[in-house]
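The values are calculated or read from the model by the stated rules, or taken from the named source; none is laboratory data. Just so it is clear, the model here is predicted, and its values are computed rather than measured. Neighbour counts are summed over all protein chains in view; Cβ atoms, including those assigned to glycine, are modelled from backbone coordinates with ideal geometry.
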Amino acid sequence: MTSPSTATNPPLVCWSCHERTFGTHFCSSCGKLLQLPQALDYFALFEMPRKLCIEMSELEQKFLQLSWKLHPDNFVNATEQERELSLKHSSELNDAYRALRDPVGRVEYLLGIEGARKEGEHKQQAPPELLEEVFELNESLDELREAKASGGDLAVLKTRLESAEKNFQDKLGQVDAQLRVTAREWDATLQGDPATRKKIMAQLNELLNRRSYIRNLVTNVQKELL
Ligand SMILES: [Zn+2]
């Protein structure tokens with residue numbers, strides 16, 4: 001009683017036929033909707049390995065197929081328990097799709113379930129290699145605020161901030177490129193030794209923190225430039 005596509009999920013006992021089943025959403029013996037196990041993560045829900053490089057079309061297709069199979073409309077004449085299960089499966093599926101379709105959200109989610117997501121202790125502290133640029137940026141922001149308050153000339157300051165914004169947007173692009181490279185490394189070592197996997201997760205975590213720091217900077221500049 002094995003099914004290669006669902007081999008990642010441990011078997012559970014079906015509430016309806018009481019057989020051990022390897023299904024994720026439906027019992028492999030009687031075909032009834034299963035109770036959702038607490039430990040079922042979003043990758044398992046899609047019956048996918050914990051890979052970070054996902055073909056979008058494949059994910060979308062799986063999502064559409066599963067949504068259709070799990071849709072409450074299919075259970076209007078079923079028992080109340082099954083109707084409830086259909087709602088639960090459907091809403092989990094929607095959450096899973098939302099989390100996994102975004103490449104950054106996917107990394108965030110993976111690190112979360114692997115227990116490796118650690119936001120920086122000092123979220124507001126600039127990464128050392130950005131200190132100087134961040135300092136300059138903050139100065140320009142202060143000057144702009146002062147000029148706004150005193151009705152001074154804004155044009156030069158705005159131009160300076162616009163170029164700083166572009167500079168940080170570029171850095172954001174670099175972080176995203178690094179994320180893609182590290183995501184591929186993660187996928188390559190999916191079955192590899194735990195130490196390497198841990199190291200890659202630490203790198204991914206670092207990149208996420210740096211990304212959110214720069215993202216905040218850009219948002220602040222954009223707000224002031226409005
Ligand atoms: Zn069953």
When segment 139-174 is examined, which residues are found to be closer than 16 Å to residue 221 by Cβ and part of a loop (DSSP other than H, G, I, E, B)?
154
Checking residue 146 against (1) without any contact (Cβ under 8 Å) to a residue 60 or more places away in the chain; (2) under 18 Å from residue 213 (Cα atoms), the condition it does not meet
(2)
Output yes when any residue across segment 121-138 is out of contact with any Asp or Glu (no Cβ under 9 Å at 6 or more places or on another chain), in a helix (DSSP H, G or I), closer than 26 Å to residue 196 by Cα and free of Cβ contacts under 8 Å to residues at least 60 places away in the same chain, and no when none is.
yes
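Of the residues that make up segment 179-195, is at least one closer than 19 Å to residue 134 by Cα and part of a helix (DSSP H, G or I)?
Taking every residue of segment 179-195 in turn, none turns out to be closer than 19 Å to residue 134 by Cα and part of a helix (DSSP H, G or I).
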Condition broken by residue 21, with the remaining ones in (1) under 30 Å from residue 209 (Cβ atoms); (2) of a type in the set (S, T, N, Q); (3) within 16 Å of the ligand (Cβ to nearest atom) satisfied
(1)
Residues within segment 31-68 that are surrounded by 14 or more Cβ atoms within 10 Å (Cβ to Cβ) and either in the same structural domain as residue 191 (by TED's automatic domain parsing) or within 16 Å of the ligand (Cβ to nearest atom) (or both), tallied:
5
Please determine whether any residue of segment 151-160 is surrounded by 14 or more Cβ atoms within 10 Å (Cβ to Cβ) and either touching a Ser or Thr at 6+ places or on another chain (Cβ under 7 Å) or small (Gly, Ala, Ser) (or both).
yes
Based on what the data block shows, is residue 100 touching a residue at least 24 places away in the same chain (Cβ under 8 Å), in a helix (DSSP H, G or I) and touching a strand residue (DSSP E or B) at 6+ places or on another chain (Cβ under 8 Å)?
no
Hey, does segment 189-196 have a residue that's more than 25 Å from residue 104 (Cβ to Cβ) and exposed (fewer than 11 other Cβ atoms within 10 Å of the Cβ)?
yes
If residue 115 meets every condition in (1) over 30 Å from residue 68 (Cβ atoms); (2) surrounded by 15 or more Cβ atoms within 10 Å (Cβ to Cβ); (3) not assigned by TED's automatic domain parsing to the domain that holds residue 174 apart from one, which number is that one?
(2)
Answer yes or no as to whether residue 93 is surrounded by 15 or more Cβ atoms within 10 Å (Cβ to Cβ) and either over 17 Å from residue 113 (Cα atoms) or assigned by TED's automatic domain parsing to the domain that holds residue 184 (or both).
no
